[in-house]
């Protein structure tokens, strides 16, 4: 497929992209500690949104394997959530509820869950 999105490797962060019927899945690993996460993540997110739109697919981000992300990353994720909603792309974020920093970070994103169901947070089943 010509439109597939390449995996992202930036410093200590890697994001593996997998496509399966109606789903574009991204598995985050390592640490996202870039001071200006936007510079790396925004172009990557834009390609993911374009691909999800092209396929009519749900975009699913898996953070269970991620060791850490900083406040710059969370700011970029908030912008991404808003952009996905504007483009009517269903975005699901899956995190490890048993890891305290993930629980706290993702609970703060619950305010972006709306009745339109375009953004969804899920705790990974262990």
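The values are calculated or read from the model by the stated rules, or taken from the named source; none is laboratory data. In this text, all values refer to a predicted model and were calculated from it rather than measured experimentally. Note: ideal-geometry Cβ built from the backbone for every residue, glycine included; neighbour counts use all protein chains shown.
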query = Looking at this structure, is residue 82 over 24 Å from residue 125 (Cα atoms) and surrounded by fewer than 16 Cβ atoms within 10 Å (Cβ to Cβ)?
reply = yes
inquiry  = Looking at region 23-52 only, could you name the residues that are assigned to a loop (DSSP other than H, G, I, E, B) and touching a helix residue (DSSP H, G or I) at 6+ places or on another chain (Cβ under 7 Å)?
reply    = 34, 35, 36
query = Quick one: which of 34, 60, 16, 64 is modelled with pLDDT under 95 and within 26 Å of residue 104 (Cα to Cα)?
reply = 34
query = How many residues are in contact with a helix residue (DSSP H, G or I) (Cβ under 9 Å, 6 or more places away or on another chain), free of Cβ contacts under 8 Å to residues at least 40 places away in the same chain and assigned to a loop (DSSP other than H, G, I, E, B) when one looks only at region 84-102?
reply = 5
